[in-house]
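S.K.: Take this structure, written in structure tokens, and hold onto it; I'll ask about it next.
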Amino acid sequence: MASHLPRSQALTPSVLDPPRILDMNYAFANTAMPVAAMRLHPFTHMAHEALTPAALAALAHTARGPTERLLKGLEVLGLVEREGDAYRLTSLSNHFLVEGKPSYKARLAEASIRRRNDA
């Protein structure tokens, strides 16, 4: 049976590179979590105190489960740290991701999100 792929794409399993696909998935996750955070403003909500997932969910008007998953992802990225049942900002997120601070660096990402939402 002939392949419908161009000759350059008709690779055998021994030359296929699954890590490339996995890297794409991880890259998406590393982008999706901060984008979700831009919409929910957890860094600003947590600027003055550590919050539990339930407390953050109430402030962000979201459900506890997805908020907890987001916090766990942000922890993996080094943007929050667990403190008992609560999460607090790391020095990095406290310096660059709290809205209203002169050092806030997420304006460009927010503008990009707004343009996509308006499209």
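Taken together, the values in this text are just the output of simple stated rules run on the coordinates, not laboratory data. Computed from a predicted model, the values in this text were never measured in an experiment. For neighbour counting, all protein chains shown are included, and Cβ atoms are generated from backbone atoms with ideal geometry for every residue, glycine included.
S.K.: Contour minus end-to-end for Val35 and Ser103, with contour as 0.36 nm per residue of separation and end-to-end as the Cα-Cα distance? Don't skip to the end; give the middle numbers.
M.R.: Values: separation 68, 0.36 × 68 = 24.48 nm, distance 1.85 nm.
Full extension of this stretch gives 22.6 nm more.
S.K.: Here's something else I'd like to know. If a/c stays under 1.5 just call it rounded; otherwise compare a/b with b/c (prolate if a/b is bigger, oblate if not). Do that for the range 57-97, with a ≥ b ≥ c from the square roots of the Cα gyration tensor eigenvalues.
M.R.: Numbers: a/c = 1.87, a/b = 1.57, b/c = 1.19.
Prolate is the answer for the range 57-97, as a/c is 1.5 or above and a/b outweighs b/c.
S.K.: Using 7 Å Cα-to-Cβ label points, what is the Arg20/Arg69 separation (nm, one decimal)?
M.R.: The modelled label-to-label distance comes out at 2.9 nm.
S.K.: Taking every pair of alpha-carbon atoms in the range 22-118, what share in percent sits in each 5 Å bin, from 0 to the bin with the longest distance?
M.R.: P(r) for the range 22-118, in whole percents per bin: 2, 14, 24, 26, 20, 10, 3, 0.
S.K.: Further question: Treat each spin label as a single point 7 Å out from the Cα along the C-beta direction, and report the Leu77 to Ala58 distance in nm.
M.R.: 2.6
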